[in-house]
Structure formats: structure tokens, C-alpha cells
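Structure record follows, encoded as C-alpha cells.
The values are calculated or read from the model by the stated rules, or taken from the named source; none is laboratory data. From a predicted model like this one, the values you see are computed outputs, not experimental measurements. Glycine gets a Cβ as well: all are built from the backbone with ideal geometry, and neighbour counts include every protein chain shown.
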Amino acid sequence: MKIVLMGQPNSGKSTIFNHVAGYKAVTSNFPGKTVEYTSSKVNLFGETFEIVDLPGTYSLTSFDLAELEARKYLLRNSVDIVINVIDASLLSRSLELTLQLLELKLPMIICLNMIDEAERKGIKIDIGKLSKILGVPVMPTIAVKGNGVKELFSIAYKMGEKKKIGKTINFSKDVEDVVTQLSTQIKKKHVEQEFNVPERFLALKYLENDSYFMENYKKKSNDLFKEIVHFQNTLKETHGRQSDVVISSERHHLSMNIYESVVLLTKPHTSLIDYLDNILMHPFLGYISLGLIFYLFFNLVFSVGKMVEEPLLDYFYRIIPLIGRSIDSETLLFSIISGIIQGLAGGIAIVLPYLFPFLFGLAILEDLGYLPRIAFLLDAFLHKIGLHGKSIIPFILGYGCTVPAIMATRILESGRDRFIASVLATMIPCAARMTIIFALVAFYISPQAALAIYILNIIVIIISGKILSRLLPEVTPGMILEIPAYHIPSIKVALAKTWLRMKEFIFIAWPLLIVGSTILSLLQYYKADMLINNFFSPLTSLLGLPLVVGTTLIFGILRKELSMLMLIQAIGTTNVIAVMSATQIMTFTIFVIFYVPCVATIAVLWKEIGSKRTLFTIAFTSILAIILATITRFVY
Amino acid sequence: MTITLDSIGENKKVKVVSISGGWGIRQRLGCLGIHPEDMITVKKSAIMRGPILISVHGNQVALGRGVARKVVVEAE
């Protein structure tokens with residue numbers, strides 16, 4: 001049985017999903033697009049279920065790519081039952097999505113989540129009455145604590161078997177008349193069968209001027225199109241507004257009416273959390289707290305990382321000479337084995353200690369609800385580089401890994417914004433590059449030098465942003481962003497999210513790391529690395545770096561972590577400062593941070609912004625890296 | 001003379017009259033609960049002509065200045 005979770009953003013959908021599926025979840029893309037959904041096979045009540053968590057959507061229009069894909073998924077994929085997750089403290093707005101889901105006539109139940117929050121705000125909901133009006137079961141839950149989740153799925157299972165569909169709730173008479181007339185026309189021409197939707201749903205979408213359905217129709221010259229326009233005009237004349245406004249107003253009124261008939265408002269309990277925003281979003285204190293939070297965050301990541309990295313790295317590098325005692329170090333076998341071990345060392349001891357605390361900390365901030373507040377505080381500044389507040393989210397993700405950062409640019413509405421944000425996100429030092437900065441510069445030169453690199457990086461990004469916005473002078477649409485209530489994050493959910501994001505690194509990066517490492521080992525064994533180094537010698541001599549660094553730069557394209565690892569292997573010792581001067585270390589680091597994105601990033605860029613723009617990004621970053629590194633060589 | 005949302009001071013309550021924009025902006029504002037006839041309270045204004053924080057139907061939404069300029073309102 002396939003159960004699908006649908007709900008607005010911040011409704012706690014993913015918390016419920018993680019409660020039942022969590023560690024076993026798999027993220028997938030919608031076919032052909034990089035909008036993701038998570039799914040998992042779970043055993044409950046002795047049966048196997050497939051549970052799918054679709055992206056949070058406010059409605060089911062085609063305006064937003066995520067919404068469109070979620071809707072297409074529902075219509076195409078033999079869904080047995082939909083669980084509509086609602087934030088009980090935002091019932092009136094949430095009902096607008098609920099009404100649209102009811103229009104789809106799929107079996108459905110409602111999960112009224114965060115009822116403790118609602119009660120705290122003084123909102124008391126008559127669940128029985130709500131259930132009667134909508135014609136579907138309504139189950140209260142507090143997902144963060146796990147309350148009611150089992151009962152929720154138990155009812156979902158029963159309703160899925162019965163294929164229980166909710167009621168069709170009509171709009172006001174005159175509007176409903178027009179809708180019915182158009183539905184009849186649609187049914188006559190069998191159009192609804194093509195899309196596999198109920199005819200009333202299709203009629204509403206046409207009256208709402210939904211671009212997906214309208215585009216698909218313009219191709220056929222059928223008089224249905226004329227009918228659609230006719231009915232749109234009818235509504236426009238009788239109500240004095242565009243037909244899409246009429247329909248959305250109707251839905252809005254309907255939601256409000258239902259809300260008012262089931263809700264009793266009592267006195268809210270205020271707690272300290274309600275006053276938190278007076279500090280965190282204050283015109284002055286807000287920025288100070290932001291700086292403080294960032295400082296603490298990065299400090300935490302660095303200290304935890306360092307604590308774990310040193311002993312682990314030690315351990316690995318002691319193994320190699322041990323093996324050297326049983327296998328002759330001149331043999332091919334030894335080369336291969338040491339290659340594999342170095343690859344493992346890289347993954348486990350160098351990147352993981354930093355990646356894990358970063359992703360975990362980010363998941364906590366995310367679940368807390370702090371990220372949109374960062375967007376609010378930084379919006380005005382981001383305007384200076386031609387973007388708006390929401391772009392900060394991809395940028396923050398970029399400090400962890402560039403791949404989800406590029407995917408997060410989906411939340412920006414214009415293609416131009418998505419392009420600029422993607423290019424800039426590529427330049428942000430991800431966890432892999434972060435380990436290079438810390439392990440090389442902070443360790444061998446000074447922490448201040450490492451900080452200087454981060455600051456330089458931000459300055460370069462700002463300047464690049466300004467240049468790109470000048471070249472693409474479209475006006476960016478303004479920011480419209482929901483600022484959710486603060487929620488106490490659940491450690492279990494944060495861990496599940498962290499694990500999900502780390503899985504990608506572990507299952508894709510580690511094999512690449514090991515293979516890459518082994519290949520480099522082999523190259524050294526067969527002395528072929530000299531060929532590559534010679535090929536790159538113009539570059540390495542321009543940058544004043546040792547010749548052997550050539551191969552390192554190639555492997556850095558495969559996966560950025562490899563740069564550091566390969567460097568150590570190439571120069572033959574972990575004590576880098578013995579072979580390279582401080583200037584060389586700086587030059588190397590700066591070059592590696594800015595040049596060509598890793599292969600995984602290139603793949604995502606290709607899908608998200610297209611081949612031409614990806615090639616531009618590669619060229620842009622490489623040239624930038626060369627210029628900056630050369631300047632470093634002579635200036636530092 | 002039309003009054004738009006970006007000119008409203010902190011802690012003031014206004015009613016939405018109309019949204020002067022295309023289908024896209026109407027949809028996006030509508031999704032977050034901002035329709036004609038709705039009551040909005042302005043909570044905060046960010047510095048440097050940054051976004052405006054409003055409260056509508058118990059929920060908080062941040063709107064960029066340009067967007068706020070498209071929301072025509074009348075005082076309560």
C-alpha cells in the first residue's frame with residue numbers, strides 16, 4: 001500500500017515521516033527534474049507500506065515547480081491514501097490546500113499536527129465537526145513527541161483499504177454554477193480522461209488559468225478553449241475581478257468559514273519563546289545575534305571535527321608502515337592497498353568529522369525555524385548583489401555541500417536568480433574544501449589566516465555577484481517568505497535528516513575517494529604521474545607550486561576532498577610544511593577553493609541550469625581561481 | 001490616493017483592498033493567506049529598506065519592499 005504525505009511547509013510532515021521511516025529513507029528525484037521526494041518501505045501492523053514524503057507545498061497550482069511535480073505525482077502514481085498534514089495552529093490557511101486535495105478525489109485522511117501549539121495559542125478545534133464537514137477522518141498528533149502517530153497510520157491503512165474519499169464542498173451558488181457548466185463541457189469532450197482527473201478539478205484549474213493545463217490545451221484547436229475563455233469572462237464580469245482571483249477568493253472564504261465553524265478561540269498562554277523574535281529580528285540585536293550564532297556554529301564544527309580528526313588520521317597512517325612490513329613496499333599490491341587505505345582515511349578521518357557536526361547543526365537550526373529569519377535579516381544586503389533574502393538558504397547549505405545548495409535554489413522564483421545563486425553557491429567552500437582550509441592553513445599557518453580566507457571568499461563572492469547581476473539586469477521579484485513559529489527540534493529527526501544527507505556522501509564519495517586514491521597510487525607506481533605533472537607544469541609554475549601538485553588538481557575535480565589527500569600522497573609526507581612554504585600552501589588552498597566544481601556539482605548544475613550555463617560556471621571559476629592564486633603567490 | 005503596505009508603520013493594522021500585480025504575485029500572496037478583505041498587522045520593518053514583517057491570520061510573513069508596494073490597503 002502506498003501512503004503519501006502532503007502538507008504545507010513547516011507542518012511537521014517530515015517529522016512524521018521520520019518517525020516511521022527515518023533511517024531507511026531514500027531520496028529520489030521526480031523523473032527528469034531535480035525536485036526531490038523521500039520514500040521508504042516500512043513494516044507496520046504486519047504489512048509492508050511504501051511511505052512517500054512529497055515536498056511541502058502551499059497549494060496545487062503549476063506556478064511552483066515543486067507543487068507541480070507533487071500534483072503530477074499524486075495523479076500518476078496509484079496512490080492508495082493521502083495523509084494531509086496540517087499545522088493545527090494555522091488551520092484556516094492550511095484548509096486551502098485541503099480543499100484542493102479534496103477536489104482531486106483521492107482517498108484521504110487529515111493529520112491535525114502540533115495540537116499542543118494550537119492549544120497554547122488558545123485555539124480549540126472541534127475535531128468531530130471538522131471531520132463531518134470534510135467527510136474524512138481527522139487524527140490529532142504531536143509529531144515531535146510521537147503522540148498519535150501510530151493511530152494515524154492505523155486509520156490511514158483502514159481508509160486506504162476502503163478507498164474512502166472525502167466530500168466535494170461547493171463554492172457560492174453563482175460561482176458553482178459556472179464551474180458546473182464548464183465541467184459538463186469538459187465531460188462531453190472527455191478531456192478529463194486524458195489527464196486522469198475529476199472534471200470539476202479540471203474546470204477549476206482552467207478557471208484559475210493554471211498554466212500547466214492551459215499550455216497543454218492550447219496545442220489542440222478545440223472549441224473547449226473558447227468555452228474556457230467564455231466562462232473566465234463570465235466570472236470576470238459578474239465579480240469585477242479576474243477569474244483566478246474569484247476562484248481563489250472563494251476557496252479562501254470557504255476555508256475561513258469552515259475554520260470559524262470548528263474553532264473556539266480562548267486566551268493564549270504566552271511563553272518566553274514568543275519574545276525571542278524581539279531580539280533575533282531586532283534591527284540591531286538581530287545582527288549581533290546572527291553573527292554570534294554563526295561564530296558559535298563554525299567554532300563548534302571546527303572543534304568537534306579537530307577532536308575526532310587527529311586520532312583517526314594518526315591511526316590510519318600508522319597502518320601503512322605496518323603493512324609495509326609484511327608486503328614489500330615496492331610491489332604493485334602494496335601500492336594498491338596503501339591507495340585504498342589512504343582513500344578510506346580521507347573519507348573517515350578527514351571529511352566526516354567536520355561534515356557530521358555541520359549537517360547536524362544545520363538540521364537543528366532548520367527545525368528550530370531560524371533559517372527564514374536569517375533570510376529576513378540579510379535580504380537588504382543580498383539585494384546589493386542582485387538577489388533577495390531567500391538566496392541565503394542555498395548559500396548556507398553551500399558550506400556543507402554544494403550539491404544540496406544548488407538544489408535549494410529551486411526556492412527562488414526566477415530563472416535568473418537561480419542561475420546567479422547557483423554560480424555563487426559553487427564558490428562557497430563546502431565541507432570538503434573546509435577541511436583543506438582547516439587541515440592545511442589553520443594547522444600549518446594560523447587560524448587567523450584561515451579566517452582571512454573565509455573573509456576573502458565572501459568578498460570575492462560579493463564582487464562576482466555584483467558583476468553577474470550587472471550582466472543580467474533583470475529585476476528580481478521581491479521576497480515573500482513565511483516566518484514560521486519556533487519549534488523545539490527533535491534530536492531524533494535532526495539525526496535522521498543528517499544521516500540522509502550524509503548517505504549521499506558516503507555511498508558516492510567514498511568509492512570515488514578510494515578509487516581515485518588507488519589510481520594515484522598506481523600512477524606513482526608506474527611513474528605515469530610525471531606525465532600529468534608535466535602537462536600541468538605551466539599552471540603549477542605560474543602558481544609557484546611544486547611540480548607534483550599537477551595530478552592533485554585533476555583529482556580535485558573528481559571530489560574536492562581528494563585535493564588534500566592527493567597532495568599528501570603526491571609530496572610523500574603528511575608534514576606538509578616541510579615540503580611547501582607558507583606562500584605555496586596559501587596559493588594552493590586559494591586555487592583549490594575557487595576552481596572547477598566537483599563532478600557531482602557539475603552533474604547537478606547541468607540538470608538545474610543547463611549545459612551552456614554550466615560550462616560558463618566552470619570557465620568562470622577556473623579563471624577566477626587562476627587569477628586569485630597568482631595574486632596570492634606574489635602578494636602573500 | 002492609494003496607500004500601499006510599505007508605507008504603514010509598525011504595529012498598525014490595515015485591510016487589504018487589492019493587489020496590483022499579475023497572476024504570479026496574487027497566487028503567491030494568496031497561498032500565504034493574503035487576499036483582498038484580509039486584515040494585516042505590520043510587525044516590523046527591517047533596516048536599510050529591507051523586508052517588512054507582517055502578521056496575517058495568526059501567521060508571520062516577510063515581504064520585500066517591492067512586493068509590499070503592490071499591496072493596496074486602507075487603514076482600519
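Scanning for something farther than 21 Å from A:Ala156 by Cβ and not in a strand (DSSP E or B), does region A:70-83 turn up at least one residue? Quick ask: steps written out before the conclusion?
Restricting attention to region A:70-83, the residues satisfying the condition of being farther than 21 Å from A:Ala156 by Cβ are A:72.
Pick out the ones that are also not in a strand (DSSP E or B) and you get A:72.
Yes, region A:70-83 contains at least one residue that is farther than 21 Å from A:Ala156 by Cβ and not in a strand (DSSP E or B).
Could you please give the count of residues in region B:18-35 that are within 7 Å of chain A (Cβ to nearest Cβ) and either surrounded by 16 or more Cβ atoms within 10 Å (Cβ to Cβ) or of a type in the set (Lys, Arg) (or both)?
Taking region B:18-35 as the starting set, the residues that turn out to be within 7 Å of chain A (Cβ to nearest Cβ) are B:23-24, B:26-33, B:35.
From what's left, either surrounded by 16 or more Cβ atoms within 10 Å (Cβ to Cβ) or of a type in the set (Lys, Arg) (or both): B:23, B:26-33, B:35.
Result for region B:18-35: 10.
Of the residues making up region A:157-180, just one is surrounded by 21 or more Cβ atoms within 10 Å (Cβ to Cβ), within 27 Å of A:His252 (Cα to Cα) and small (Gly, Ala, Ser), namely A:Gly166.
Condition check ((1) in contact with a Phe, Trp or Tyr (Cβ under 7 Å, 6 or more places away or on another chain); (2) free of Cβ contacts under 8 Å to residues at least 40 places away in the same chain; (3) more than 14 Å from every other protein chain (Cβ to nearest Cβ)) across all residues:
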{"site": "A:Ile348", "(1), (2), (3)": "no, yes, yes"}
{"site": "A:Pro353", "(1), (2), (3)": "no, no, yes"}
{"site": "A:Gly361", "(1), (2), (3)": "yes, no, yes"}
{"site": "A:Leu365", "(1), (2), (3)": "no, no, yes"}
{"site": "A:Ala375", "(1), (2), (3)": "no, no, no"}
{"site": "A:Leu382", "(1), (2), (3)": "no, yes, no"}
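Sort out for me the helices (runs of 4 or more DSSP H) sitting completely within region A:292-399 that have 2 or more residues that are more than 30 Å from A:Arg470 (Cα to Cα), touching a Ser or Thr at 6+ places or on another chain (Cβ under 7 Å) and not small (Gly, Ala, Ser).
A:332-345, A:352-368
Residues in region A:473-498 that are of a type in the set (Ser, Thr, Tyr) and within 24 Å of A:Phe358 (Cβ to Cβ) were compared, and the one that is farthest from the other protein chains (Cβ to nearest Cβ) is A:Thr498.
The sole residue among A:Lys150, A:Lys145 that is assigned to a loop (DSSP other than H, G, I, E, B), farther than 19 Å from A:Lys105 by Cβ and either among the charged types (D, E, K, R) or free of Cβ contacts under 8 Å to residues at least 24 places away in the same chain (or both) is A:Lys145.
Listed here are the residues, each with its yes/no results for (1) assigned to a helix (DSSP H, G or I); (2) in contact with a strand residue (DSSP E or B) (Cβ under 9 Å, 6 or more places away or on another chain); (3) at pLDDT below 85.
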{"residue": "A:Gln448", "(1), (2), (3)": "yes, no, yes"}
{"residue": "A:Ala452", "(1), (2), (3)": "yes, no, no"}
{"residue": "A:Asn457", "(1), (2), (3)": "yes, no, no"}
{"residue": "A:Val460", "(1), (2), (3)": "yes, no, no"}
{"residue": "A:Pro473", "(1), (2), (3)": "no, no, yes"}
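More than 23 Å from A:Asp87 (Cβ to Cβ) and charged (D, E, K, R), is that true of A:Asp244? Considered against the rule, which asks whether it is more than 23 Å from A:Asp87 (Cβ to Cβ) and charged (D, E, K, R), A:Asp244 comes out as yes.
Take A:Tyr317 and decide whether it is of a type in the set (Phe, Trp, Tyr), surrounded by fewer than 19 Cβ atoms within 10 Å (Cβ to Cβ), at pLDDT below 75 and out of contact with any Cys (no Cβ under 8 Å at 6 or more places or on another chain). Yes; evaluated as a whole, the condition is true for this residue. Scanning region A:385-395 turns up no residue that is within 13 Å of another protein chain (Cβ to nearest Cβ) and of a type in the set (Phe, Trp, Tyr).
Would you point out the residue of region A:529-547, among those that are closer than 15 Å to A:Ile519 by Cα and buried (at least 20 other Cβ atoms within 10 Å of the Cβ), that is modelled with the highest pLDDT? Spell out how you get there, then give the answer.
Within region A:529-547, the first condition is being closer than 15 Å to A:Ile519 by Cα, and the residues that meet it are A:529-533.
Next cut, buried (at least 20 other Cβ atoms within 10 Å of the Cβ) only: A:529, A:533.
On the way: A:Asp529: 69, A:Asn533: 76.
Out of the qualifying residues, it is A:Asn533.
Out of region B:47-67, which residues are touching a residue at least 24 places away in the same chain (Cβ under 8 Å) and within 8 Å of another protein chain (Cβ to nearest Cβ)? Reasoning before the result, please.
In the first step, residues of region B:47-67 are kept if they are touching a residue at least 24 places away in the same chain (Cβ under 8 Å); the result is B:52, B:54, B:56-57, B:59, B:61, B:63, B:65, B:67.
Within region B:47-67, B:His57, B:Asn59, B:Val61, B:Leu63, B:Arg65, B:Val67 qualify.
Among the candidates B:Lys44, B:Lys15, which residue alone is at the interface with chain A (Cβ under 7 Å from one of its Cβ atoms), part of a strand (DSSP E or B) and not hydroxyl-bearing (Ser, Thr, Tyr)?
Working: B:Lys15 fails: at the interface with chain A (Cβ under 7 Å from one of its Cβ atoms).
One residue alone meets the criteria, B:Lys44.
Kindly indicate which of A:Gly128, A:Gly122, A:Gly56, A:Gly135 is small (Gly, Ala, Ser), more than 30 Å from A:Arg418 (Cα to Cα), in contact with a Gly (Cβ under 9 Å, 6 or more places away or on another chain) and surrounded by fewer than 21 Cβ atoms within 10 Å (Cβ to Cβ).
Working: A:Gly128 fails: in contact with a Gly (Cβ under 9 Å, 6 or more places away or on another chain); A:Gly122 fails: in contact with a Gly (Cβ under 9 Å, 6 or more places away or on another chain); A:Gly56 fails: more than 30 Å from A:Arg418 (Cα to Cα).
Matching residue, one of A:Gly128, A:Gly122, A:Gly56, A:Gly135: A:Gly135.
Looking only at region A:530-553, which residues are farther than 15 Å from A:Leu565 by Cα and part of a helix (DSSP H, G or I)? If the condition is that a residue be farther than 15 Å from A:Leu565 by Cα and part of a helix (DSSP H, G or I), then A:Met530, A:Leu531, A:Ile532, A:Asn533, A:Asn534, A:Phe535, A:Ser537, A:Pro538, A:Leu539, A:Thr540, A:Ser541, A:Leu542 are the ones that fit.
How about region A:15-28: which of its residues are of a type in the set (S, T, N, Q) and either crowded, with 24+ Cβ neighbours inside 10 Å or modelled with pLDDT of 85 or more (or both)? Step through it out loud before you land on a result.
Taking region A:15-28 first, the residues of a type in the set (S, T, N, Q) are A:15, A:18, A:27-28.
Passing the criteria: A:Thr15, A:Asn18.
Applying the condition of being without any contact (Cβ under 8 Å) to a residue 24 or more places away in the chain, more than 19 Å from B:Gly21 (Cα to Cα) and basic (Lys, Arg) to region A:218-273 and asking which residue is nearest to the other protein chains (Cβ to nearest Cβ) yields A:Lys218.
On inspection, A:Ile340 does not qualify as among the β-branched types (Val, Ile, Thr), within 17 Å of the chain's Cα centre (by Cα) and modelled with pLDDT of 75 or more.
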